[in-house]
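What follows is a short report on a single structure.
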Amino acid sequence: MSTNNETPDRRGPTNPGERIAEWTDGRLGLYKLAKSNLRKIFPDHWSFMLGEVCLYSFTILILTGVYLTLFFHPSMNEVVYHGSYVPLQGVRMSEAFSSTVHISLDVRGGLLVRQIHHWAALIFIAAMIVHMMRVFFTGAFRRPREINWLFGWSLLFLGMFTGFTGYSLPDDLLSGTGVRFMEGAILSTPIVGTYLSMFLFGGEFPGHDFVGRFYSVHILLLPGLMAGLLVAHLILVFFHKHTQFPGAGKTEKNVVGSPLLPIYMAKAGGFFFLVFGVIAAIAAIASINPIWALGPYRPDQVSTGAQPDWYMGFSEGLIRVMPGWEIRAWGHTLVLGVFIPLMIFPLVMAAIAVYPFIESWVTGDKREHHLLDRPRNRPVRTGLGVAWLAWYFILLIGGGNDILATHFHLSIEDITWFVRIAFFVLPVIAFWVTKRICLGLQRRDRDKVLHGRETGIIKRLPHGEFIEVHEPLSQQQLHVLTAHEQPRPIDLGPEVDENGVERKANPVAKVRAKLSEGFYGEHSQIPKPTAEEYEEITSGHGHH
């Protein structure tokens, strides 16, 4: 017996690029990873670009933020300004304010970068809210994506506070007023409010430490958490595969669209520069937060018409419209006019976070979903989303009641009372109207399936009757209008058992069944046309 110890002749890489690629793959295994993921299919729909706007605006925030940190001095040490802006010369101010003015007026491109940073923050929060509302209305949060919903919610929550700490850093009169507002809210917290305020500001407000502390939180802690959540969010998008709207050839087990490389990456690259260009154009045209016109912060002054960035306006609206209730007991004062709104804010945010689990429990739906809902086919969920938006915008009005009063020559008391009443009434009206609209759209879809699309062509029959000619829908259109499921509400079963003895139902089960009836009962969805109804109509009976 003989053995052959000769190794086969393997031809090595022919150029340095291939050699580097082979060396790297042999140590990191990137080829297998790339092979399984770079051909990942992503569906094509304009609403899926909302998430990309969030990603790209966050990237712009990081890039511009790094540039700004090179020139900003996070210190509250008092200095006398001797810079190029004449109206402020000789004015005492903090180093933070002085360095921000220097960035804005003396650093080449500093004002543009600073405004890009601020506008990108506003657009990031706006895109996050719109993106999450798209996910909410289409049911993209259902199993297996509940954790990804929590990641997105956390990004929104952290983004709001990152924005707040960011626009508080310049220590100007407007941002200082906002920090003073936050300090009052913290002080309203029973027992621990004073201690929290002292810890945050390093003593009595405004102290000498909060700019440095906000700076560390703003550039290190919060962006680091957000970057980690963003990576985890994208990993889960790859792992679970992307959702898609129903259509021809689309099922719960496939994805119809374009591969990540090269088509989707090419589109994404172009869209990034488009988003960057739009934000840069806005920053170049529309001035935002001109701190040199406001001046440095002084505790004894408040700038006229002080307003926070829009995404914090609803929290200010809660406090502005709340009556000034107080409780005095045992030598202490509980300021309910501030404390109650302070508690409403986290409760509402928590309700948004756990909604996927609440809907799953109410409906009993534990299945995986990769096809999206049309909002009209889920009237209750859509109504709840619109009710929340109505509630949000009415509080924005409350947060800007002084601006509305001065610009439209209205009484600020009248605006405040309007917001107080609308706070309870408007969301109910919005829910009811939205639900009725969704049911009306379902009826229209049913009619289109059975009778076809109205063409606007009037035809006279031999016996003199005038009718409108209807054009039958294509198979793809029929599929879109009829592919959705219509779940039935949870049934508790008979009220009595086989022996005629009344069953004792669990109170929690009764509540769940009642809520399920609200979601999927006969008043919450219009039955889809059956195959028999469709065949009867299209066979000529009653069809024109």
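Side notes on the structure shown:
- Computed about the Cα centre, the dipole magnitude for the chain is approximately 920 debye when only Lys and Arg (+1) and Asp and Glu (-1) carry charge, each at its Cβ.
- Among the listed values [x] 53, 28, 25; [y] 40, 31, 23; [z] 48, 38, 26, the one matching semi-axes √(5λ) of the Cα gyration tensor in Å as calculated from this structure is [z].
- Virtual paramagnetic centre 7 Å along Cα→Cβ of LEU225, amide N under 15 Å, in the stretch 149-181: 150-166
- FRET efficiency estimate (nearest 0.05) - Cβ-Cβ, VAL501 to ARG460, R0 51 angstrom: 0.15
- Loop-located trypsin sites (Lys or Arg not before Pro) across the stretch 164-243 with a Cβ neighbour count of 12 or fewer within 10 Å are lacking, with loop assigned by DSSP.
- Nitroxide proxy distance, nm - points 7 Å out along Cα→Cβ at GLN475 and LEU158: 4.8 nm
- Using the rule -39500 (n - 2.57) for each DSSP H run of four or more residues, divided by the residues of the chain, the 222 nm mean residue ellipticity is -19000 deg cm²/dmol.
- Of the peptides 98-110, 194-206, the order by per-residue mean of other Cβ atoms within 10 Å, starting with the highest, comes out as 98-110, 194-206.
- Residues of the stretch 345-385 with an amide N closer than 15 Å to a point placed 7 Å from the Cα of SER47 along the Cα-to-Cβ direction: 370-385.
- Probe 1.4 Å - accessible area at TYR67, Å² to nearest ten: 70 Å²
- Positive-end ranking of THR189, PHE201, PHE238 along the dipole of the stretch 189-279, with charges on Cβ about the Cα centre, is headed by PHE238.
- Net +/- balance of residues flanking GLY399 in space, Cβ distance below 13 Å, scoring K and R +1, D and E -1: -2
- The distance between label points at THR530 and THR406 comes to 6.6 nm (points 7 Å beyond Cα on the Cα→Cβ vector).
- Peptides 354-363, 20-29, 56-65 ranked from most to least packed give 56-65, 354-363, 20-29, packing being the mean of other C-beta atoms within 10 angstrom over each peptide's residues.
- Stretchable slack from LYS241 to GLU368, in nm (0.36 nm times residue separation minus alpha-carbon distance): 44.5 nm
- Estimated distance in nm for a label pair at TRP330 and GLU204, the labels positioned 7 Å out from Cα along Cα-to-Cβ: 2.7 nm
- Fully extending the segment from VAL86 to ARG436 would add 119.9 nm, taking 0.36 nm per residue of separation and subtracting the current Cα-Cα distance.
- Calculated FRET efficiency for the pair ARG143/ILE62, C-beta based, R₀ 35 Å, to 0.05: 0.60
- Whole-percent carbon and sulfur share, accessible surface of the chain, 1.4 Å: 65 percent
- Relative contact order of the chain, defined on C-alpha pairs under 8 angstrom at six or more residues apart (%): 16 percent
- Applying 1/(1 + (r/R0)^6) with R0 = 41 Å to the Cβ-Cβ distance of VAL302 and SER360 gives a FRET efficiency near 0.30.
- Probe 1.4 Å, accessible area per residue of the stretch 44-302, Å²: 46 Å²
The values are calculated or read from the model by the stated rules, or taken from the named source; none is laboratory data. Please read all numbers here as calculations on a predicted model, not as lab measurements. Counting neighbours? That spans all protein chains shown, and the Cβs are built from the backbone with ideal geometry, glycine included. In case anyone asks, the SASA skips ligands and DNA or RNA and just uses the protein heavy atoms, side chains included. Shrake-Rupley method; radii C 1.70, N 1.55, O 1.52, S 1.80 Å.
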